[in-house]
2 protein chains.
Amino acid sequence: MNQDYIKLDNWSIIEEGFNPKRVKSSESLFSIGNGAMGQRANFEEHYSGETFQGSYVAGVYYPDKTRVGWWKNGYPEYFAKVLNAPNWIGINVEINGEQLDLFTCKKVENFRRELNMKEGWLSRSFIATLKDGITVEVNAKRFLSLDLEEVGAIQYQIKPLNEDAEIIFQPYLDSGITNEDTNWDDKFWDTRNVSHKNHQAFIEAKTMKTDFHTCTFMESKIYIDEKSLIIEPKFKADATYASFCYKHSVKQNETYTIHKFGGYVVDRNHEKSKLVTVAKSVLKSATKKGFNTLLEDQKKAWDLIWNMSDITISGDVKAQQGIRFNIFQLNQTYLGRDSRLNIGPKGFTGEKYGGSTYWDTEAYCIPFYMATKNQNVARTLLEYRYNHLEKAIENAQKLGFKNGAALYPMVTMNGEECHNEWEITFEEIHRNGAIAFAIYNYCRYTDDYSYIPEKGLEVLIGIARFWHQRANFSTAKNKYVILGVTGPNEYENNVNNNWYTNYLAQWCINYALENIGKVEEEYASDFTRIMNKVKLSTLELAEWKAVADNMYFPFSEKHNVYLQQDGFLDKELITVADLDKSQRPINQKWSWDHILRSPYIKQADVLQGFYFFEDHFTEEELERHFDFYEPFTVHESSLSPCVHSIQAAKLGKMEQAYEFYLRTSRLDLDDYNKEVHEGLHITSMAGTWMSIVEGFGGMRVKDNKLSFTPKIPKQWDAYSFKVNFRNQILKVEVCQSDTKFELEGNTELQILVNNLPVTITPNSLITV
Amino acid sequence: MNQDYIKLDNWSIIEEGFNPKRVKSSESLFSIGNGAMGQRANFEEHYSGETFQGSYVAGVYYPDKTRVGWWKNGYPEYFAKVLNAPNWIGINVEINGEQLDLFTCKKVENFRRELNMKEGWLSRSFIATLKDGITVEVNAKRFLSLDLEEVGAIQYQIKPLNEDAEIIFQPYLDSGITNEDTNWDDKFWDTRNVSHKNHQAFIEAKTMKTDFHTCTFMESKIYIDEKSLIIEPKFKADATYASFCYKHSVKQNETYTIHKFGGYVVDRNHEKSKLVTVAKSVLKSATKKGFNTLLEDQKKAWDLIWNMSDITISGDVKAQQGIRFNIFQLNQTYLGRDSRLNIGPKGFTGEKYGGSTYWDTEAYCIPFYMATKNQNVARTLLEYRYNHLEKAIENAQKLGFKNGAALYPMVTMNGEECHNEWEITFEEIHRNGAIAFAIYNYCRYTDDYSYIPEKGLEVLIGIARFWHQRANFSTAKNKYVILGVTGPNEYENNVNNNWYTNYLAQWCINYALENIGKVEEEYASDFTRIMNKVKLSTLELAEWKAVADNMYFPFSEKHNVYLQQDGFLDKELITVADLDKSQRPINQKWSWDHILRSPYIKQADVLQGFYFFEDHFTEEELERHFDFYEPFTVHESSLSPCVHSIQAAKLGKMEQAYEFYLRTSRLDLDDYNKEVHEGLHITSMAGTWMSIVEGFGGMRVKDNKLSFTPKIPKQWDAYSFKVNFRNQILKVEVCQSDTKFELEGNTELQILVNNLPVTITPNSLITV
């Protein structure tokens, strides 16, 4: 059974009752972030039970020396680890000389945690009875400010319930932290200086090797029953630690409160030498506003986000909570403000997988950000890859490619490959295609072609060159083939002619050729600039075309389907339904060879191609392929159910679509894969959004217009979402009986609903 | 260019002149061993330059916790490391208070090292001038006794040439040693006790985890100009070290000599608690004989070995030295005395690869030991696998097989798999076939069928069960297929229908079926015993047969050859000759994906199958396959040239055969692969022997008779070898003009020479 301790609620994630076994899972689920930093829901006060401490600063990583059993030529020297950064949330609490620690105190009652997604804060409350008999009520609330993105604020309140007590708040900074994920137990942080002034403290630390300089800071204010209290704290420090000690004799039923403001400033945004000065000014802004005003600002900021990106579902709290959790976490992870950042698979909720950028960004995340933010955010994500083009060319060179062929990395922080599993690193090359597809998808959605002559075309050329060189001519097949790849379905390795990869390769070349032509005709000066740089010959273009025109696609006459790869039909084709349940999940039960020779599919592969290029295939073809492949799909990747939900909805298989929807939207809340303690699956959350908007809503861009084919699961009364389409906001509400459209904007919008044209007038409600 | 500093000599490996850059390579090349232990040619006296210290005790290993980048289900928890054992050869030398150290002394002249293969000893001599101006002549000689296999002896002599000198010999034992190959820098040895009595010292140490108890011991005797000298030495010790200090004022031109006896006793052969007592008695035997008598015994023992196993080549010193080096090293590594030991790929010359047993033993080594020792030695090697059958069944179970299916490990020390690279560990399953083939090969050569009813049949059944379960029926091909394997050519991974693997699988099942029938008919009580144990049903046998009868073999009509695997012809078929030389060796120049999708073959794969089962194919078929595959073969495995030499000789391609012979026989001496500093390639040395006996000599067993088709490279005047065939020794000498046969034995031997019957009478010379 999946876990089910999270209370159902439309707007909040709520846990009631204290269970040490759930602490690590809840630390993931209740994570908070603001795009610039994020943290797991670790307790402020000391906790001696099992915990996974994590506070992460966007763009700060460590190149950990590669660890493998058997070295293969071409492996990168390091893997970019997501770094646990210095702790600034810590507040040790002493009550009559006894440390408050939920793991060791005599009794914990009324424990409640809430992640309020509407307003963007995390709270925790409990009544604890300590070993010496004193009972205290604790209320803690914290958030990472969306407005002041370098700052977080904590309100920590404690009230002795049965007697007076001498209570110490000891807010601290600690850079003596470690990573859970480390290859060689290297030291990741080098603390340069610990300092303080009045109620402020600072730890300057830099990362080893990467030399990211950071200043972690804090300042606290103390209150009794909301009345400010002046205490001159004792300051204590060592080489990696700074704390203040606020001691006070608190009367029974008085509330002793600390407001702690803290966070990070980093040299990505400020001069190295001025980090402490900047930190002081950040603290000044934060404390001037104070906790309550900052919190009000936070609510307003989240209100703006929700106003644009919320999806409502009525009649199904489980589904409603699921989609909001996904949208909330995506916005906590990435807000599109900084072109140097990206969307890591675990966001700010854990260390696993490392790196910040996978093909997930292009294949799953861009549609969400494009529709719920604006085209600049999507363009920023495209530019991230443009900025890494030189590194992608270098990466391809390391693998023997030449002449400007570009292979984007499987996993990266800065454009350099850092993954080291040959069957993935060297062979899961379809990632290159998703990056080209995202350019196409962006242009299609935004109608902003300017990106291609300015930047995109160079990326498309580098990618086309790669595919041209990576394919080879098979005299046996009299076609071009692509040998030795791993498709999106990572339960096949080193296969020949993965259909999805071959299809993407062909498309990438054709799309590059098409755009070279268009830019030549319409953007002459860009064309000249680019051609001077890339030096494309007509011979090379002819060779590209030969590859694209003669690409081989494995096909079964018998089943009338494209084959996932050569030899797929040699497998023992037992469906998942007929597979003994005790054997699942196969990635935990079977050895790797067993998985590889089985027909089971980890995530959509051929169907992923049908998703990207649905216009190239009839619905009947889609159905045939869905019916052929879905029965072999075990969905053991977080990225699988969303695509299947979309395809099932398109085919009118609404029960299946709904099941896949629940699976994708509540993957972490219900912990389908028994791994939520390691962190959340952030990138697949964008797939959840797609499964409603593109799946149930059927949203597409067709003939340069938004198009919908609205469907609704029978479990729901209605659902609604908004999309920003070319700077107009369209709200769509789908009920069992009809669909309503409402436009915020200035000009009429022509859309298609069930393939019929509909005109939407600004600020009026259209029902179809 | 390959290295060429080894002097050409028929019987010795000789290095002249001291070059610190060659020290590690020479430490490998001059290694000595006696089957029970072995050591690299490290200097006795302190050496501060680059060195790779190694002393190894057969059967003593450490299960080092597995290190991988990405864990796969089914990986073993540990890798059995070859362990550097406590040092007993060390003799620090001080001359007038200055330590003798070839790396730092002022001048080294007349440096000469000799590994005398005829007599089985290693010597080193040099004249060194120390910093303070004193010049000494040093002569050192050592060997590991074949007669007293727990003991080695060193004679170390020093003569001051230009003045009197106070000289200290400080023989020591040291268990504070480390491994070069370690995953986590674990401590491998736990020293339990350091003790001494009179001139003897002992270090008792046990390996961590495996708890192998050992006692390393030493005793020394001192001489001046061969006259015994009584010195009461000072004893020094710490927790992992014991030394004696023999100080003497040596006159100019006097020779100061130490005889050091040392070695190991281990609890595989003795009671744990009595190791020191045993060591004392071993030392007593050794010192009683003394260095010179032990050395005489050593010469006699090697004489016996050479008398049986020598191969002479006249007219080609390079070739002669090569084959003797191979035969010598094989005998140093394994003598067939202990059924718990096996033939590690690096023998006692390095740590690389770990484990002691690979499929090399069955595929390459057994023929050598069978023909140059006797059938008991070969049978002992077969029994090694019989003794590991239960572990092979457990290993298969871990990978999802059942019902007694056995998968022998890729690498092992004790029957448990310890390799951890999925494409090898889980997929290089052809190893299972070589183990069955060795049983067949043994019976064919020895005519001793008794092994099969006694032990072999159970192994054959476990292996047949594995193949039956590992194959699956392809409805597309209407045949049984074997998916996801790695063949002997490790430059292909996870391929479908590797021809060699499929062929072996079919053969294994048929051979098991044939022997089940034979044992049922001829060995009723064995049959009953075995069937009670394995519980074979007729249904299961029918299923086996269905698999064998309907096995799929990839074949190209166009080329009229079996294909190495499905899809081989989709590759870009550029031959090695047309490959830019700068790209080689491809395993150093190319990334792994590049290698995998290339057509290049690391070692014989289809041709390995044609070697095992040559009777199944015509010579014309062999030639066609040789001509098709050899041009794509890069021979980047030590196991490749020997098989190609044999096949080329068979096809009369004598120039190629000779080239391959040189490459296999001088692989280490000439350091073709630039890695000799890591140790020698022991198992492929047996392939070198095969390339003369089976390749040039054309020896086979046909119709229960020895058969020869003698050929001779034009570079040679003559060559000769001996084989023990069914307890008769046949000497074969091949000249350019004719071939001579001579039989040591009692009964006439019918043989075939060029397919014509020849009768050899004992003790008379027959010329054909």
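A compact table of results
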quantity: Qualifying residue in region A:3-22 (condition: crowded, with 21+ Cβ neighbours inside 10 Å, in a loop (DSSP other than H, G, I, E, B), away from chain B (no Cβ under 14 Å) and without any contact (Cβ under 8 Å) to a residue 60 or more places away in the chain); calculated: no
quantity: Verdict on B:Tyr56 being open to solvent by less than 10 Å² (accessible area, probe 1.4 Å), of a type outside the set (Asp, Glu) and out of contact with any helix residue (DSSP H, G or I) (no Cβ under 6 Å at 6 or more places or on another chain); calculated: yes
quantity: Of the criteria (1) open to solvent by 10 Å² or more (accessible area, probe 1.4 Å); (2) over 18 Å from the mean Cα position of the chain (by Cα), which one A:Leu294 fails; calculated: (1)
quantity: The one condition in (1) open to solvent by less than 20 Å² (accessible area, probe 1.4 Å); (2) without any contact (Cβ under 8 Å) to a residue 24 or more places away in the chain; (3) away from every other protein chain (no Cβ under 13 Å) that B:Lys581 fails to fulfil; calculated: (1)
quantity: Residue in region B:441-449 that is out of contact with any Cys (no Cβ under 6 Å at 6 or more places or on another chain) and not in a helix (DSSP H, G or I) present; calculated: yes
quantity: Answer from A:Lys274, A:Lys280 - the residue that is part of a helix (DSSP H, G or I) and free of Cβ contacts under 8 Å to residues at least 60 places away in the same chain; calculated: A:Lys274
quantity: Among the residues listed as B:Ala505, B:Ala434, B:Ala464, B:Ala438, the single one being out of contact with any His (no Cβ under 9 Å at 6 or more places or on another chain), under 16 Å from B:Val547 (Cβ atoms) and either within 12 Å of chain A (Cβ to nearest Cβ) or not in a strand (DSSP E or B) (or both); calculated: B:Ala464
quantity: Where A:Lys545 falls short, out of the listed (1) within 11 Å of chain B (Cβ to nearest Cβ); (2) open to solvent by 10 Å² or more (accessible area, probe 1.4 Å); (3) under 23 Å from A:Gly400 (Cα atoms); calculated: (1)
quantity: All strands (runs of 3 or more DSSP E) inside region B:51-106 with 1 or more residues being within 14 Å of chain A (Cβ to nearest Cβ) and closer than 28 Å to B:Gly400 by Cβ; calculated: B:61-65, B:78-82
quantity: Qualifying positions in region A:191-210 - of a type in the set (D, E, K, R) and farther than 15 Å from A:Val266 by Cβ; calculated: A:Lys197, A:Lys209
quantity: Any pair with Cβ under 6 angstrom, 6 or more apart, that starts in region B:103-117 at a residue that is touching a residue at least 40 places away in the same chain (Cβ under 8 Å) and under 22 Å from B:Gly133 (Cα atoms) and ends at one that is buried (at least 17 other Cβ atoms within 10 Å of the Cβ) and not β-branched (Val, Ile, Thr); calculated: B:Phe103/B:Tyr47; B:Val108/B:Phe18; B:Val108/B:Leu102; B:Val108/B:Phe126; B:Val108/B:Ala128; B:Phe111/B:Phe18; B:Phe111/B:Phe126
quantity: Residue list for region A:472-491, filter: on the phi < 0 side of the Ramachandran plot, at the interface with chain B (Cβ under 8 Å from one of its Cβ atoms) and part of a loop (DSSP other than H, G, I, E, B); calculated: A:Thr475, A:Ala476, A:Lys477, A:Leu483
quantity: Odd one out for A:Leu639 among (1) in contact (Cβ under 8 Å) with a residue 40 or more places away in the chain; (2) surrounded by fewer than 23 Cβ atoms within 10 Å (Cβ to Cβ); (3) among the aliphatic types (A, V, I, L, M); calculated: (2)
quantity: Region A:25-53, residues that are open to solvent by 30 Å² or more (accessible area, probe 1.4 Å) and over 16 Å from A:Phe348 (Cβ atoms); calculated: A:His46, A:Ser48, A:Glu50, A:Thr51
quantity: Selected residue (criterion: farthest from the chain's Cα centre (by Cα)) from residues of region A:466-493 that are surrounded by fewer than 24 Cβ atoms within 10 Å (Cβ to Cβ) and closer than 20 Å to B:Val485 by Cβ; calculated: A:Leu483
quantity: Residue among A:Ser273, A:Ser285 that alone is closer than 23 Å to A:Thr214 by Cα, out of contact with any strand residue (DSSP E or B) (no Cβ under 7 Å at 6 or more places or on another chain) and open to solvent by less than 60 Å² (accessible area, probe 1.4 Å); calculated: A:Ser285
quantity: Yes/no for B:Ile509 being at pLDDT 95 or above and within 30 Å of B:Ile595 (Cβ to Cβ); calculated: no
quantity: Residues within region A:492-502 that are touching a strand residue (DSSP E or B) at 6+ places or on another chain (Cβ under 6 Å) and either within 11 Å of chain B (Cβ to nearest Cβ) or not in a loop (DSSP other than H, G, I, E, B) (or both), tallied; calculated: 4
quantity: Complete set of residues in region B:551-568 that are buried (at least 16 other Cβ atoms within 10 Å of the Cβ) and on the phi < 0 side of the Ramachandran plot; calculated: B:Met551, B:Tyr552, B:Pro554, B:His559, B:Val561, B:Tyr562, B:Leu563, B:Gln564, B:Gln565, B:Asp566, B:Phe568
quantity: Index of the failed condition, A:Gly74 passing every other in (1) surrounded by fewer than 20 Cβ atoms within 10 Å (Cβ to Cβ); (2) out of contact with any strand residue (DSSP E or B) (no Cβ under 7 Å at 6 or more places or on another chain); (3) within 30 Å of B:Ala80 (Cβ to Cβ); calculated: (1)
quantity: Qualifying positions in region A:411-429 - open to solvent by 20 Å² or more (accessible area, probe 1.4 Å), farther than 16 Å from B:Trp70 by Cα and at the interface with chain B (Cβ under 10 Å from one of its Cβ atoms); calculated: none
quantity: Failed condition for B:Asn395, given (1) buried (at least 18 other Cβ atoms within 10 Å of the Cβ); (2) outside any helix (DSSP H, G or I); (3) within 14 Å of another protein chain (Cβ to nearest Cβ); calculated: (2)
quantity: Qualifying residues in region B:548-576 (those that are away from every other protein chain (no Cβ under 14 Å) and either touching a His at 6+ places or on another chain (Cβ under 8 Å) or of a type in the set (D, E, K, R) (or both)) - the one farthest from B:Val459 (Cα to Cα); calculated: B:Tyr562
quantity: Matching option when the condition is part of a strand (DSSP E or B) and either surrounded by fewer than 24 Cβ atoms within 10 Å (Cβ to Cβ) or not aromatic (Phe, Trp, Tyr) (or both), among B:Leu730, B:Leu667, B:Leu680; calculated: B:Leu730
quantity: Residue among B:Gly74, B:Gly120 that alone is modelled with pLDDT under 95 and either more than 34 Å from the chain's Cα centre (by Cα) or among the small types (Gly, Ala, Ser) (or both); calculated: B:Gly74
quantity: Selection within region B:310-344 - out of contact with any strand residue (DSSP E or B) (no Cβ under 7 Å at 6 or more places or on another chain) and part of a helix (DSSP H, G or I); calculated: B:Val317, B:Lys318, B:Gln321, B:Gly322, B:Arg324, B:Asn326, B:Ile327, B:Phe328, B:Gln329, B:Leu330, B:Asn331
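The values are calculated or read from the model by the stated rules, or taken from the named source; none is laboratory data. All values derive from a computational prediction rather than experimental measurement. Here Cβ is always computed from backbone atoms with ideal geometry, including for glycine, and neighbour counts include all displayed protein chains. These accessible areas exclude ligands, DNA and RNA; they are computed on the full protein's heavy atoms, side chains included. Shrake-Rupley method; radii C 1.70, N 1.55, O 1.52, S 1.80 Å.
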